[in-house]
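This report refers to the structure that appears directly beneath it.
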Amino acid sequence: MNDEILIKVENLHKRFGKLEVLKGISTEIKKGEVVVIIGPSGCGKSTFLRCLNLLEEPEKGHVFFEGIEITDRRTDINLHRQKMGMVFQQFNLFPHMTIMRNMTLALTKLQKLPKEKAQEQARALLRKVGLEDRADSYPSQLSGGQKQRVAIVRALAMNPDVMLFDEPTSALDPEMVGEVLEVMKELAKSGMTMVVVTHEMGFAREVASRIMFIDEGVFMEEGSPAEFFGNPKSARLKDFLSKVL
Amino acid sequence: MDFWLNIKDEFLRNFITGSRWEYLSDGLMVTLRVSFFAVLMGIALGVIIAIIRSTHDLSDLSRFNPLGRFFINLIDFLSKLYLNVIRGTPTVIQLLIMYYVIFASINIDKAFVAILAFGINSGAYVAEIVRSGIMSIDRGQMEAGRSLGFNYVRTMCYIVLPQAFKNVVPALGNEFIVLLKETSICGYIALQDLTRGAYIIRGITYSAFMPLIAAALIYLIMVLCLDYLMKRLERRLRRSE
């Protein structure tokens, strides 16, 4: 890990109608960090993550990515999203395309790679997650764990600088959680910058370089896994941990 | 025996004498031409209106700048106006207005007027069908496309519309069948389509049975063919499931 700041968030506010979900969140995410965000459901952690690539547009505050303010309306967000991979709870593979096409669509259309080269890259990534033989299948023919692994490598194919995970294992059958977490651990080991919203405390403890606890729209507490789990400071976090551990 | 002789006689009198069958074949050509181009126009118009309507309904308008918001609200309003007027008035009236009011002072091909009237009419129904298809696609699909870096329009084209289209093929097929049969009112502007052709034969021979049954059978065969083609398309699109 070095000290280069990849994402900087300043005073982020987001409301849905009358409900104020984020009430002024600021943080910095450095290159190579694995930031795990936890918190009770409805606390705004997914909203925070989705604000990082502007799937949700904050009312107030700024998000900088690689030194450029992406919350500025003049910034072409589509360009920067190519460098921010995102993995969703519901996988969101494109059901009308084969796995191969799912992976090469953005490569050929956005990065203008020739088809053969895109397929070569896709195949290499699929091999890494053990799904090379499913290249010609359709998403509906895959299990949940396989779908999520494809979703991860689909985002990776774009060669992003950061990967955002929005509860990647929450929609999975319990026996499939492991295979997805395994892929994420490998990714973290390879030095990828990751921001992960999850309920998997084991993953947080093992992989995170920093854990952030969001409650009621603000960062309550943050720290390394050791201090976070070993010595929680706020009463709210103690209460939360006593329920989930 | 007498009955069959009678039938044969009727057949000859209605279709063969004076090549009267040509009223039907010429009419059929007009019906096919009007229906085909009206369907194409309906699809084009319908898809555009559907995209406008669903973009307006699905996006967070507060994110647009004031000018953009005004623009999308305006075209959404015009789209709704179009849908309500077209779906709220009889097709015959629309056809008559098109011919006797809008193109009243221009000497113009009647088939063209009919294509325009039926195309605009069908567009309204296709728009609502396609819109229901777009709305049925999980918003996660749009988000996944956007998160890969595609802009709104390209995500629509590559990801949302193909899936939406697949879902609405049966409803679209139904709309095409309705349109094909609806062209039978072309006679109101004295355009000689299949129905009008049969009607002319009846006027000459004073027998209604033969020409009308013949026209009905031809419509039925066309609809069955269309239905078969749509079913095949449906099956092909379902391959990924």
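Remark: A:A188 falls outside the filter, which requires a residue to be within 14 Å of another protein chain (Cβ to nearest Cβ) and either among the charged types (D, E, K, R) or in a helix (DSSP H, G or I) (or both). Checked against (1) more than 19 Å from A:R210 (Cβ to Cβ); (2) within 13 Å of another protein chain (Cβ to nearest Cβ), A:E66 passes all but a single condition, namely (2).
For segment B:108-161, which fully contained helices (runs of 4 or more DSSP H) count at least 2 residues that are away from chain A (no Cβ under 14 Å)?
Passing ranges, in order: B:110-136.
What residue, among those in segment A:99-117 that are touching a Phe, Trp or Tyr at 6+ places or on another chain (Cβ under 8 Å) and of a type in the set (K, R), is nearest to the other protein chains (Cβ to nearest Cβ)? Looking at residues that are touching a Phe, Trp or Tyr at 6+ places or on another chain (Cβ under 8 Å) and of a type in the set (K, R), I get A:K109.
If only residues of segment A:118-143 that are surrounded by fewer than 18 Cβ atoms within 10 Å (Cβ to Cβ) and under 24 Å from B:I137 (Cα atoms) are counted, the one that is nearest to the other protein chains (Cβ to nearest Cβ) is A:S140.
In this structure, does B:S184 turn out to be within 14 Å of another protein chain (Cβ to nearest Cβ), in contact with a helix residue (DSSP H, G or I) (Cβ under 7 Å, 6 or more places away or on another chain) and in contact (Cβ under 8 Å) with a residue 12 or more places away in the chain? So B:S184 fails the test. Of everything in segment A:80-98, what is over 25 Å from A:L6 (Cβ atoms) and within 7 Å of chain B (Cβ to nearest Cβ)? Give them in sequence order. Those that are over 25 Å from A:L6 (Cβ atoms) and within 7 Å of chain B (Cβ to nearest Cβ): A:Q90, A:F94, A:P95, A:H96.
When B:E143, B:E175 are checked against the criterion of being more than 16 Å from the chain's Cα centre (by Cα) and of a type in the set (D, E), a single residue qualifies: B:E143. Only residues that are within 11 Å of A:R134 (Cβ to Cβ) and either hydroxyl-bearing (S, T, Y) or in contact with a Ser or Thr (Cβ under 8 Å, 6 or more places away or on another chain) (or both) were counted in segment A:96-114, giving 2. Scanning segment A:70-124 for residues that are of a type in the set (S, T, N, Q) and free of Cβ contacts under 8 Å to residues at least 40 places away in the same chain yields A:T71, A:T75, A:N78, A:T108, A:Q119, A:Q121. Going through (1) more than 19 Å from the chain's Cα centre (by Cα); (2) touching a residue at least 60 places away in the same chain (Cβ under 8 Å); (3) part of a strand (DSSP E or B) one by one, A:F240 falls short only on (3). Scanning segment B:1-45 for residues being outside any helix (DSSP H, G or I) and at pLDDT below 85 gives a total of 1.
Residue pairs, Cβ under 6 Å, 6 or more apart or interchain, first in segment A:32-43 and closer than 16 Å to A:E186 by Cα, second among the polar types (S, T, N, Q) and outside any loop (DSSP other than H, G, I, E, B). List them. Listed pairs, sorted by first residue: A:G32/A:T193; A:E33/A:T193.
Exactly one residue out of B:L220, B:L237, B:L233 is under 23 Å from the mean Cα position of the chain (by Cα), part of a helix (DSSP H, G or I) and modelled with pLDDT of 95 or more: that is B:L220. For segment A:42-55, the count of residues that are away from every other protein chain (no Cβ under 11 Å), buried (at least 17 other Cβ atoms within 10 Å of the Cβ) and in contact with a His (Cβ under 9 Å, 6 or more places away or on another chain) is zero. Residues considered: A:V218, A:V207. Of these, the only one that is within 25 Å of A:A188 (Cα to Cα) and of a type in the set (V, I, T) is A:V207.
The values are calculated or read from the model by the stated rules, or taken from the named source; none is laboratory data. Everything quoted here is computed from the prediction, not taken from an experiment. Here Cβ is always computed from backbone atoms with ideal geometry, including for glycine, and neighbour counts include all displayed protein chains.
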